[in-house]
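Take a look at the structure set out below.
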Amino acid sequence: MFFALGFHYLCIMGKPRYDQTRKNRQANALLARCRCYCKNNKKTLSTVILGLLVCYIFCLPRPLFDVPYSTLVADRKGELLGARIASDGQWRFPPVDSVPDKYAECLIAFEDRKFRYHPGVNMLSIGRALWQNIKARRVVSGGSTITMQTVRLMRKNKRTYFEKFIEMILATRLEWSYSKDHILALYASHAPMGGNVMGISAASWRYFGHPPASLSWAEAATLAVLPNSPAMMHFGRNRQALTDKRNRLLKYLSDKKILNTTDYLLAISEPLPAYPHALPQIAPHLVTRMFLQQPGTHLVSTIDKRLQEQADEIVSRWSDEFAQNGIFNMAALIVDIPSNEVMAYCGNVNFNRKTESNQVDVIQSPRSTGSILKPFLYCAMQQEGSLLPNELLPDVPINIGGFAPKNFSLQYDGAVPADEALARSLNVPAVISLRRYGVQKFHQLLQKAGLTTLNKPAEHYGLSLILGGAEGRLWDVANAYAEMVRSVNDYNASEAYYVPESFDLLKSEGQRTRKKISEPLFQAGAAWLTLETLTNVNRPEEIDWQFIPSMRKVAWKTGTSYGFRDAWAIGVTPRYLVAVWTGNANGEGRPGLTGARTSAQVMFDLFNLLPATSWFQPPYGDLAEVAVCRESGCLKGINCPESAIDTILVSPKAVQGSVCAYHKRVHVSEDGCYRVYEDCAGNRGIKPVSWFVLPPSQEWYYRQHHPIYRSLPPFSPECMAGSSGQIMQFIYPFPNASIKLAKQLDGSPGKVIFELAHRNPSAKVFWHLDEDYIGETSDIHRMECSPSKGKHRVTVVDEAGNSVAIGFRME
């Protein structure tokens, strides 16, 4: 283009000189003809020149380098956690914005000493290289500047003289658009450094094991000379040649007083790297996740590198112990709740092992939830006022449409306060609560809370939804727990609620904005009541946590899936959340794989890494005081004695909750041994009392765990004729149950065991199957028999003539 401009100028402005020599006359004639042509075609040439100028302006490609990059993930302070190789198999880190001063000095001194002064092309170097090549009759020098080499790295074309000419033009254009430091950074980011290593960042980590900012003079000089002969970086050969080349550069820098004598001597004594360094492998499952979501980028995460390494150590140590029981996988998550940032992300253990599914990111994998969802049901029922914190719930064997849940301990309490049922993770009360609340409503609540794995209708899960009948991701479930904490924190801070949000994994610049809402998923009062209940979690049948001195105050919950396949533990404080999953990623169950025995221990160890925090302040503005019956947990009823009344905090809607129906007003004899009526009390006397009465089936179990419980006294003989009320109740079978018996080992038919609860422990009862008498029992009322297939009816009559019957079917 410059030749064309010069030629055009010569044609327009030049005036021919007619010399006498023949040679000059021919030249002048040619020049005259050109001048005449230009005079007649000025518009055409101007158009050509304008087109060439436009081409020059837009000659640089966009983007400058059309190459794939490696994916880099750094912690919150910019320290490298890990990287994934580019799609073309090269370790090419995303371009840097600047290069270290040491490397810049070395590179300019070695490649282009006039780099700071020329416009992209050094004509003296080009001329010298041309003369050297002609003299040697082969290419011995290229004369390229750093800018021209940057262009060559962009184009990747075969080296020819024409390509050199194109590089010169593009180099001037590159200098026009970018600063010298930017061009240095472009070159340093894409220069070949040996093998499949490209650029200063990848080379610094692969050869020296640290970032470019930490390069020594010897290391910077090594990387400066490598692009000139990248094949020299071989860990088995060429080491002396590379050392000599590096040292010559260091000697030049010393002679120019860029290095002092001490630095020079130290630099030349520094050996070359003996082996390639592995890139950091911290939070590898997170790095892989970022690589799949945003490949070819340099991402700054919210991870705290030091905390991540400490968490990895704890998780690995516990995993080694659990591996002795055939439990090979574990995941853990630590979150700073106020900032919503993930501080540690342990997706699994032993990432580099190809066996035992160690590369599966369990944090993002759907797993059976076990009992981990129970707090959300408790909170929802508190919020709508359908359950009071200490309200008694039935805890007896039940069968609902063929679904017969059992407690983990295979024992029953008869009746248990709702908060204790949650703290002990009892299954039967949870199922009864869900039936009262509604499966459809609970299903919708969990979806709003962010459980993305609930992709089937509520009818598919049924009542088993509360016991692990659905799958959830540790990420989603932990975020739902954090939402309860956010509700309390936000309300206490500003009496406001905000749109639920998921955890942040990438560091964001500036202050995050949150949108206020009027109807939160979890209201502060109900959430606080739930969190307070979860501070009393105890599983004495597994581990008695109350006697572990290292435990700090944490609201926490465990979960164990059917078949001992998944063990969960999630704990929260006002600032932190720790979530742990333990099990086998392939779904294999193992004995002893429970939340309390595995994940909970890891969770508390992880909490010990975090600073202690204060506890939640009660959100008084979203709570109300009510008087409740201490024994039933329901609102005070007309028959509740004043001595059994407590005042507690409940959610506002709970003031319209259930009124105590367990305290009955009954008349007893003066000695309290009999129930009487006024017309039959006689000499026994009569007095009214308030008596706490449970249904017979609940009473039978309740009495075993509460020795102070007093059953209603029997009616006096004089008042037996007027007695009424439920005296007996079947524990098994359930109404209209379908029963299928397995054969015994000897091939004989199995037997069904009927079970009955009677208010009078010493009563004798008589059993009938259909029309046949099958026996009598006293004290413990159980009866074995082997009914034939079909419909049957079992009837029981006691000595006082009270009777109860139930129907069932034998399959």
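Listed values, structure above:
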quantity	calculated
Whole-number percent relative contact order across the chain, with pairs defined as alpha carbons under 8 Å at least 6 apart	9
Heavy-atom surface of region 274-430, accessible at 1.4 Å and reported per residue (Å²)	35
Accessible surface of region 185-340 [probe 1.4 Å, protein heavy atoms]: carbon and sulfur percent	54
Loop-resident sites, region 635-743, for GluC sites (Glu not before Pro), counting at most 16 other Cβ within 10 Å (DSSP)	670, 678
Residue-by-residue Karplus 3J(HN,Hα) for region 480-497, coefficients 6.51, -1.76, 1.60, Hz, glycine and proline x	5, 4, 4, 5, 5, 5, 4, 4, 5, 4, 5, 5, 5, 7, 9, 6, 9, 10
J(HN,Hα) series, region 117-126, from Karplus relation 6.51 cos²θ - 1.76 cosθ + 1.60, nearest Hz, glycine and proline x	10, 8, x, x, 10, 9, 5, 5, 5, 5
Pairwise label distance in nanometres, residue 513 with residue 535, each label 7 Å out on the Cα-Cβ vector	3.7
5 angstrom amide H check on residue 416, placed H, neighbours 5+ away	393, 395
Amide H contacts under 5 Å for residue 497, placed H, 5+ residues apart	517
Region 397-451, relative contact order in percent, only Cα pairs under 8 angstrom and at least six apart counted	28
Two-site label geometry, residue 498 and residue 805: point separation in nm, points 7 Å out along Cα→Cβ	6.5
Spatially proximal aspartates and glutamates relative to residue 156 (Cα-Cα < 17 Å; intrachain offsets below 8 disregarded)	66, 88, 167
Proximal aspartates and glutamates to residue 441, defined as alpha-carbon separation beneath 18 angstrom and excluding residues fewer than eight positions away on the same chain	384, 459, 471, 519
Counting DSSP beta bridges with both ends in the chain, the antiparallel % (nearest 5)	90
At most 16 other Cβ within 10 Å, DSSP loop - trypsin sites (Lys or Arg not before Pro), region 204-287	237, 256, 257
Relative contact order of region 347-494, pairs being alpha-carbon contacts under 8 Å that are 6 or more residues apart, as %	28
Hits among aspartates and glutamates - C-alpha to C-alpha of residue 751 under 15 Å, sequence gap 8 or more where chains match	784, 811
Table column - 3J(HN,Hα) (Hz), region 286-292, Karplus curve with 6.51, -1.76, 1.60, x for Gly and Pro	5, 4, 5, 4, 5, 4, 6
Listed pairs 245/305; 77/102; 374/653; 515/557; 664/764; 456/636 exceeding 31 Å between Cα atoms	245/305; 456/636
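The values are calculated or read from the model by the stated rules, or taken from the named source; none is laboratory data. Note that the structure is a prediction, hence the values are computed from the model and not measured. Every residue, glycine as well, gets a Cβ built from its backbone with ideal geometry; the counts of neighbours run over all protein chains shown. Just so you know, the surface numbers come from the protein's heavy atoms only, side chains and all, with ligands and any DNA or RNA stripped out. Shrake-Rupley method; radii C 1.70, N 1.55, O 1.52, S 1.80 Å.
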